[in-house]
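The values are calculated or read from the model by the stated rules, or taken from the named source; none is laboratory data. Note that this is a predicted model, so its numbers are computed, not measured. Note: ideal-geometry Cβ built from the backbone for every residue, glycine included; neighbour counts use all protein chains shown.
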Amino acid sequence: MLLLGDQTKPQVRDSNLLDQKLRPEKAHMLFTFNRPMDQASIEKGFTINPPVMGKFSWSGKRFAFTPKSPLVYGQKYDLQITGKDQTGKVMVPFKSTITTPSRKFFYIGTEDSEKDHLFAVDFESKQQQQITPNNHIVLKFSPHPNGNKVYYFAFRPEDKTSLLEQDYQSLYEVSFAQTDKLASQNIADFKKWSNIDFLLSPNGKNLLIQRLRKSSMPEFGLWLLDTNNPNVDWQPFYYSQLSGDIFFTPDSGALAGIDSGGLVIAPLSAEKQNKPQPEFITGYAQFFDFSADGQSALVSRYDAAFRSELVILGTNGQLQKLITTGAILSHAKFDPLGQYVYVILLFEPKQVEGCEHYQLVRFDLKTGKQKELWNQIDKNLIAFDLSPDGKYILAEHAKSVPLKSTLRLSLERVGGSELDSTVVLLDRDGKLIPGFAPRPGTAPQWN
C-alpha cells in the first residue's frame with residue numbers, strides 16, 4: 001500500500017436497488033461509493049433507459065437520484081453509472097436493472113359468484129384473481145405497500161348466530177407472492193374480542209386494530225401489531241380516545257384522528273414506560289387525509305351558520321380554505337403529486353321521497369379553481385381512490401334510490417347500497433377510460 005498506493009478501484013459499494021422491483025411512486029435511488037467521488041463526472045455518467053428526469057443530491061460518499069415524477073408501471077429500466085473519483089481514477093461501471101410492478105387494484109365483488117369475495121386485478125392484462133376463500137365474507141381490506149399481501153376483515157357464515165357482524169369478524173393476512181398457493185392466516189380472531197376496525201401503516205410495519213373485549217367488564221381501545229415481528233402479540237396503544245376515521249401519518253410515526261376536543265396527533269412509542277404526549281389541535285370536526293410529504297392535513301370545521309368548511313392545515317398552522325358548503329363532505333383526498341384535492345359532496349334530499357345526490361369536485365391547489373368531475377343524477381359516485389401516480393381515479397358508483405323505496409329499505413337492512421355498486425375507472429378529469437369494463441363491486445383500492 002505504501003509503495004504502490006491504493007490499488008482498489010472506485011466503485012458502488014451499496015445500493016437500495018440492486019436488480020429489484022421498485023415502487024413507481026417511491027423510486028428514490030441511493031448509492032454509496034467506497035471513496036469520495038468526482039461528483040460532476042458521476043452525474044454526467046448516470047444514465048437510465050428509458051430516460052427519466054430527476055435531480056441529484058450528495059452527502060459525503062452517498063449519492064441519490066430522485067425522479068421528478070413517478071416511474072411507469074410494468075416497465076423495465078436499465079441503469080448505469082460511470083465516472084471517476086476525486087483523484088481521477090476511473091470507477092468500475094455500475095449496472096442495474098429495475099423492474100416496476102404491474103399496476104394493480106382490488107375490490108370486493110357484489111354479484112353472483114363474486115359476491116363478498118376479494119379480487120386482485122392486473123390493470124394492463126385485465127386479468128383478475130380471487131384471493132380470499134369462498135366461505136369468507138369480506139367486509140374491509142388493506143393492501144400491503146410491497147404489493148405481495150393483503151390484510152382483510154371477514155366472517156364465516158357458519159360462525160354467525162346474531163345480526164352484529166363485528167362480533168364474528170376476524171382479521172386475516174393473505175399472501176400472494178406465490179399465486180398458486182394462496183392461504184389466509186387468522187391474526188386476530190373474534191373469540192374474546194369484537195373487532196371493529198383496523199388500519200395498516202404506510203410503511204406496512206404496523207397494524208392498528210380497534211376492538212372491544214367480550215366480557216362482563218368490556219374493554220374498548222386500540223392495539224398495535226408489529227408485522228415484522230410475528231413472535232410479539234398485539235400491544236395496547238396508550239391513547240384510545242380517537243374516534244371515527246383514524247389515520248397513520250405518512251411517515252408511519254404517529255396516529256391521527258378526532259376526539260371530543262378536535263384533531264389529535266398521537267406519536268407511536270416503543271417505550272411502554274415513556275408515553276409521548278399527544279398534540280391537540282382544537283376546532284376541527286373531521287379529518288380526511290395527509291399530503292404525501294406530511295406537511296399538510298385535509299380537515300373540516302363548521303362556520304357560524306353550521307356549514308361545512310374544507311380547509312388545508314399546514315404544519316406551521318397556516319390555513320387554506322377550499323370550500324364552504326351546505327353539503328356533507330363525504331370523502332376527500334390529496335392528489336399523490338400534490339397538484340389537486342378531490343372531494344365528494346353529499347347533497348341530502350329536500351323532500352321525504354327524494355334521493356341523495358353525490359358530486360365529485362377537484363380543487364387546483366395552485367390556481368384555487370374548482371372543477372366538477374362527476375354529477376350524474378342517476379349514478380352517484382360514492383367512493384374513490386387515486387392511483388399512486390395520480391393518473392387515474394378508481395371509483396364506486398351506485399344508482400340513486402329514493403329514501404322510502406322498497407329497494408332503499410332493503411339495502412339499509414343489509415348495511416348500505418353496495419349491492420347496487422359498480423367499480424369504474426376514470427381519468428383525472430373524471431372521464432371514463434375506454435376499454436375498461438365496469439365491474440359489479442365495492443370498495444375499490446389501488447396498490
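Structure notes:
- Every pair of residues 6+ apart whose Cβ atoms lie under 6 Å, when the first sits in region 297-314 and is closer than 13 Å to I281 by Cβ while the second is of a type outside the set (A, V, I, L, M) and in a loop (DSSP other than H, G, I, E, B): V299/Y284; R301/G283; R301/Y284
- A Cβ distance below 9 Å, combined with a sequence gap of six or more or placement on separate chains, defines the contacts here; from region 322-346, residues that are at positive phi reach residues that are surrounded by fewer than 20 Cβ atoms within 10 Å (Cβ to Cβ) and hydrophobic (A, V, I, L, M, F, W, C) in the pairs G338/A292; G338/L365.
So that you can scan it fast, the table gives a plain yes or no per residue for (1) closer than 23 Å to Q210 by Cβ; (2) in contact with a helix residue (DSSP H, G or I) (Cβ under 9 Å, 6 or more places away or on another chain); (3) modelled with pLDDT of 85 or more:
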site	(1), (2), (3)
L255	yes, no, yes
I258	yes, no, yes
S269	yes, no, no
K272	yes, no, no
Q277	yes, no, no
D289	yes, no, yes
L310	no, no, yes
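- Residues in region 232-263 that are of a type in the set (V, I, T) and assigned to a strand (DSSP E or B) were compared, and the one that is farthest from L313 (Cα to Cα) is I246.
- Taking first residues from region 21-39 that are more than 17 Å from K84 (Cβ to Cβ) and partners that are in a strand (DSSP E or B) and hydrophobic (A, V, I, L, M, F, W, C), the Cβ contacts under 6 Å between residues at least 6 apart in sequence or on separate chains come to L22/I98; M29/F65; L30/A64.
- Filter result for I98 (in contact (Cβ under 8 Å) with a residue 40 or more places away in the chain, closer than 30 Å to P36 by Cα and within 25 Å of the chain's Cα centre (by Cα)): yes
- Cβ pairs under 8 Å, 6+ apart, first in region 219-237 and closer than 20 Å to K149 by Cα and touching a residue at least 24 places away in the same chain (Cβ under 8 Å), second among the aromatic types (F, W, Y) and in a strand (DSSP E or B): W234/W223
- Within region 264-324, strands (runs of 3 or more DSSP E) holding 1 or more residues that are among the acidic types (D, E): 279-281, 286-290, 308-314
- Among strands (runs of 3 or more DSSP E) entirely within region 10-66, having at least 1 residues that are aromatic (F, W, Y) and in contact with a helix residue (DSSP H, G or I) (Cβ under 9 Å, 6 or more places away or on another chain) singles out 29-33, 54-59.
- All positions within region 137-160 that are under 23 Å from K205 (Cβ atoms) and touching a helix residue (DSSP H, G or I) at 6+ places or on another chain (Cβ under 9 Å): P145, F153
- The residue list H136, H117 contains one member that is within 21 Å of the chain's Cα centre (by Cα) and either without any contact (Cβ under 8 Å) to a residue 24 or more places away in the chain or farther than 28 Å from P24 by Cβ (or both), which is H117.
- Residues that are within 19 Å of G257 (Cα to Cα) and surrounded by fewer than 18 Cβ atoms within 10 Å (Cβ to Cβ) within region 158-196 comprise just one, I196.
- When residues of region 350-375 are limited to those that are surrounded by 14 or more Cβ atoms within 10 Å (Cβ to Cβ) and either over 23 Å from the mean Cα position of the chain (by Cα) or in contact (Cβ under 8 Å) with a residue 60 or more places away in the chain (or both), the one nearest to L71 (Cα to Cα): R362
- Filtered residues of region 75-109 (kept if surrounded by fewer than 16 Cβ atoms within 10 Å (Cβ to Cβ) and on the phi > 0 side of the Ramachandran plot): G88
- Against the list (1) crowded, with 17+ Cβ neighbours inside 10 Å; (2) more than 19 Å from the chain's Cα centre (by Cα); (3) at pLDDT 90 or above, the condition G204 fails is (2).
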